[in-house]
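The values are calculated or read from the model by the stated rules, or taken from the named source; none is laboratory data. The structure displayed is predicted, hence computed values, not measured ones. Every residue, glycine among them, receives a Cβ derived from its backbone with ideal geometry; neighbour counts consider all protein chains shown.
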Amino acid sequence: MIACSNIAIYFQRKLISQNNYILQSPIEYLKGVGPLRADMLKKELEIFTFGDLLNHFPNRHIDKTKVNKIKDISPDTDYIQVVGKLMYFEMVGEKRGKRLVAQLKDDTGTLELAWFQGISWVHKNLVEGSTYLVFGKTGFFNGKPQIVHPEIESYVPSKAEGSSFLEPVYPSTEKLKARGLNGRQIGKLTYALISIMHPDELQENIPLPICKALHLMDRYEAHCQIHFPKSAQGYQRAMHRLKFEEFFIAQVRLNLTRLERHRVSKSVVFEKVGDIFNTFYSKYLPFELTGAQKRVLKEIRNDTGRGHQMNRLLQGDVGSGKTIVALLSMLLAADNGFQSCMMAPTEILAQQHYIGLSELLKEMPVEIALLTGSTKTKERKRILQGLLDDTIHFVVGTHAVIEDVVQFKNLGLVIVDEQHRFGVAQRAKLWQKAVLPPHVLVMTATPIPRTLAMTAYGDLDYSVMDELPPGRIPITTVHRYETARASVMDFVKTELVKGRQIYFIYPLIEESEKLSYEDLMQGYEQVKSYFPEPQYRISMVHGRQPSEQKETNMQRFVSGDTQIMVSTTVIEVGVNVPNASVMVIESAEKFGLSQLHQLRGRVGRGSEKSFCILLTSVRASNEARERIKIMCATNDGFKIAEKDLELRGPGDIEGTRQSGALNFKLASIVNDKELLEKAKEMAEKLVEEDADLIMAKNLQLKNYLQSQKGKNGWSKIS
Ligand code: ADP
Ligand code: MG
């Protein structure tokens, strides 16, 4: 789009493209940069090369032909561009409020400009009495309109009038602005760069048939137009293309990584479904499996029968019945002569799994053991021996099972429950417990939004259980202010009278264990005053208790000996007390969405109607109110996960790997879902058809991936 016939440009090109890759040239060699600015660009924006600058995209464009009048500025005005005469400078304020102010005057009024930093630059470069084009975000100070740190440049009439393109404005920083590189000035560098670039230097990286099918703008053109659009439509198309490119490249990589693992990872083979599985299935399975459970079992059976390692993520909502899927997989392993191990994040949960599974396996010829930090020495010895000689087939436990002393004769399957509490290193440790790595099934506590799963976990195989067992009575969730506590307690009493059990949950205040503790103690006293002993019996569980005491208190609630459980979020994960019908969550505004959902999943597990009451202060923030509203509106964990992602953005979602796969510059997994789906579909098809990328149409893509090797931590492509 930009001519490059000019002689000077020719020489500059020659100078910098000695290594053939203009985009890899150090940024200081670009016209208008030099060593000082280069240093700043590196430090402030991580722009090291021409290519980095090309990929530093504008966050908006302004129409230079649009000049506003000062009198039109109102409190609703956002950004504004005005032309006026700079009147006089003055230092005002003291200490941290110290600033340089000037007045900009046009024929309709006066606008104040203020600088807190870079004052010497202003003095050196701006001239009183001259006319300037000023751009910035307006605010009001003492009732008068003001722009702090405006973008300002000499006004050249011919420049503002008649030129039709939109001028890019780039993310910049205060330090760069002080060096004369504000959001618009960076655009001058970009312009210089694009002027010397040849289309061949930015080769297409999406196979042409896909470009054609999706009517994508070509790569070079898209980079030109994202910076300097020829029209609004051109800009849209450029944006569309570049977003697709980001998703597509990421998806191709994820698919290649997954495929690579399938190819090279050897593992044990579960050849057959045998007597153990079949006997249990026909005689002792206490219910009919849901369609989703059956489907997932089939997927697991497929995975484990091929000789490659299964690495499957099983997502299901709270209560969707992941445990039975785990058990049946363990039986499948046993049928093929392999041991299984199941890890839970807490002692309480491991114990519950152990009790539940032992009960189900009562009549079966398999041995199951519980191994945790508090397993007594003698019992521990017995278990370690049993795992070594294969007289124990299943072991359920906490981190204790990954200790080095725990050795298996024949480990074939590892199940990790409530995945986000386990680190990658811990899982790797389990791999090492067998000659061939065991199959791995990771189960999440709550669903992960689909788009996030596709990007952050796209290199794993994953299964979704999107169906709850039949006959569940939906939990009713309501919001009450703390001021209405008395009536909440009255309601709790009516449930207690019916013989039900109740949870009171208090937040864990992360910054202060002490505060959390005091909160909980106060809460405990309060609950006790409403429900005095001996008529009512209360358990309390919190992180400061020794684990034995925690256990005893928990057990008393599980067995029904106590009717009320007062606790912090330590009971969040997995606990199963079907008779509990009410959960009161105190200071609910302090909890995240997925945590609230996970907590709520502790009720509604029995045959009785259950309730979740979210208590908040009247001062809860808007965002907290939004969360509470969502909780009251739906019980669907998948919907809640989506909302959580929308509210918090992908960086913060619990259970997300710190993954380069999420570093998109333009695309957003929240706002560009359809594009992501499309990219995924195309990438899957491509990798399926040509995994080695040897077809002619995929060569450029292959070159591109190789040229990016080592960037973003990707190294798999060979
Ligand atoms: P989660 O997926 O949250 O781990 P669980 O595995 O604890 O859920 O199952 C929740 C409850 O549902 C358990 O009491 C379990 O016995 C029961 N359950 C699981 N699958 C079914 C089914 N297909 N039909 C009826 N009840 C089921
Ligand atoms: Mg569970």
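In region 616-623, the condition of being at pLDDT 95 or above, away from ligand 2 (no atom under 16 Å from the Cβ) and small (Gly, Ala, Ser) is met by no residue. No other residue among CYS632, CYS612 is assigned to a helix (DSSP H, G or I), over 23 Å from the mean Cα position of the chain (by Cα), modelled with pLDDT of 90 or more and within 30 Å of LEU496 (Cα to Cα) apart from CYS632. Against the condition more than 16 Å from ligand 2 (Cβ to nearest atom), within 21 Å of MET489 (Cβ to Cβ) and within 25 Å of the chain's Cα centre (by Cα), how does GLU589 come out, does it pass? Answer is yes for this residue. Taking the options ILE368, ILE324, name whichever one is within 16 Å of ligand 2 (Cβ to nearest atom) and either farther than 30 Å from PRO546 by Cα or in contact with a helix residue (DSSP H, G or I) (Cβ under 8 Å, 6 or more places away or on another chain) (or both). Of the residues listed, the single one that is within 16 Å of ligand 2 (Cβ to nearest atom) and either farther than 30 Å from PRO546 by Cα or in contact with a helix residue (DSSP H, G or I) (Cβ under 8 Å, 6 or more places away or on another chain) (or both) is ILE324. Candidates in region 312-347 are the residues that are under 27 Å from the mean Cα position of the chain (by Cα) and closer than 27 Å to LEU384 by Cβ; of these, the one that is modelled with the lowest pLDDT is THR346. State which residue is farthest from SER610 (Cα to Cα) when the search covers only region 292-322 and only residues that are touching a residue at least 40 places away in the same chain (Cβ under 8 Å) and polar (S, T, N, Q). Ranking the qualifying residues of region 292-322, first place goes to GLN309.
Could you tell me whether any residue of region 586-605 is assigned to a helix (DSSP H, G or I), modelled with pLDDT of 90 or more, small (Gly, Ala, Ser) and not assigned by TED's automatic domain parsing to the domain that holds HIS353? Within region 586-605 (the criterion being assigned to a helix (DSSP H, G or I), modelled with pLDDT of 90 or more, small (Gly, Ala, Ser) and not assigned by TED's automatic domain parsing to the domain that holds HIS353), the answer is yes, since at least one residue qualifies. Which residue is surrounded by the most Cβ atoms within 10 Å (Cβ to Cβ), if the candidates are limited to region 266-300 and must be of a type in the set (A, V, I, L, M, F, W, C) and more than 16 Å from ligand 1 (Cβ to nearest atom)? Top of the filtered list is PHE270. Taken over region 92-106, the criterion of being of a type outside the set (Gly, Ala, Ser) and within 21 Å of GLU153 (Cα to Cα) is satisfied by ARG99, LEU100, VAL101, GLN103, LEU104, LYS105, ASP106. Take the conditions under 30 Å from ARG241 (Cβ atoms), surrounded by fewer than 16 Cβ atoms within 10 Å (Cβ to Cβ) and either out of contact with any strand residue (DSSP E or B) (no Cβ under 9 Å at 6 or more places or on another chain) or among the aliphatic types (A, V, I, L, M) (or both) and apply them to ASN59. Does it pass? It is false that ASN59 is under 30 Å from ARG241 (Cβ atoms), surrounded by fewer than 16 Cβ atoms within 10 Å (Cβ to Cβ) and either out of contact with any strand residue (DSSP E or B) (no Cβ under 9 Å at 6 or more places or on another chain) or among the aliphatic types (A, V, I, L, M) (or both).
Picking from residues in region 552-585 that are among the hydroxyl-bearing types (Ser, Thr, Tyr) and part of a loop (DSSP other than H, G, I, E, B), the one that is nearest to LEU508 (Cα to Cα) is THR568. Note on region 460-510: residues that are within 16 Å of ligand 1 (Cβ to nearest atom), part of a loop (DSSP other than H, G, I, E, B) and closer than 17 Å to ILE585 by Cα amount to 1. How many of the residues making up region 372-390 are small (Gly, Ala, Ser) and either in contact with a helix residue (DSSP H, G or I) (Cβ under 9 Å, 6 or more places away or on another chain) or not in a helix (DSSP H, G or I) (or both)? Counting residues in region 372-390 that are small (Gly, Ala, Ser) and either in contact with a helix residue (DSSP H, G or I) (Cβ under 9 Å, 6 or more places away or on another chain) or not in a helix (DSSP H, G or I) (or both) gives 2. Looking at ARG237, ARG263, just one residue is surrounded by 14 or more Cβ atoms within 10 Å (Cβ to Cβ), under 31 Å from the mean Cα position of the chain (by Cα) and assigned to a helix (DSSP H, G or I), and that residue is ARG237. Just the residues that are hydrophobic (A, V, I, L, M, F, W, C) and away from ligand 1 (no atom under 13 Å from the Cβ), please, taken from region 443-454. Result: ILE448, LEU452, ALA453, MET454. As a summary of the residue check, LEU313 satisfies the conditions (1) surrounded by 16 or more Cβ atoms within 10 Å (Cβ to Cβ); (2) more than 16 Å from ligand 2 (Cβ to nearest atom); (3) not in a helix (DSSP H, G or I) except for the one numbered (2).
Listed here are the helices (runs of 4 or more DSSP H) enclosed by region 98-199 that have at least 1 residues being surrounded by 15 or more Cβ atoms within 10 Å (Cβ to Cβ) and in contact with a Gly (Cβ under 6 Å, 6 or more places away or on another chain): 174-178, 185-196. Among the candidates ALA326, ALA369, ALA350, ALA334, the residue that is part of a helix (DSSP H, G or I), crowded, with 21+ Cβ neighbours inside 10 Å and free of Cβ contacts under 8 Å to residues at least 60 places away in the same chain is uniquely ALA350. Residues that are in contact with a Gly (Cβ under 8 Å, 6 or more places away or on another chain) and at pLDDT 95 or above occur at least once in region 389-397. Apart from one condition, GLU204 fits all of (1) outside the structural domain of GLN700 (by TED's automatic domain parsing); (2) in contact (Cβ under 8 Å) with a residue 60 or more places away in the chain; (3) touching a Ser or Thr at 6+ places or on another chain (Cβ under 9 Å); the exception is (3). Take the conditions (1) farther than 21 Å from ARG602 by Cα; (2) surrounded by 17 or more Cβ atoms within 10 Å (Cβ to Cβ); MET554 misses just one of them, which is (1).
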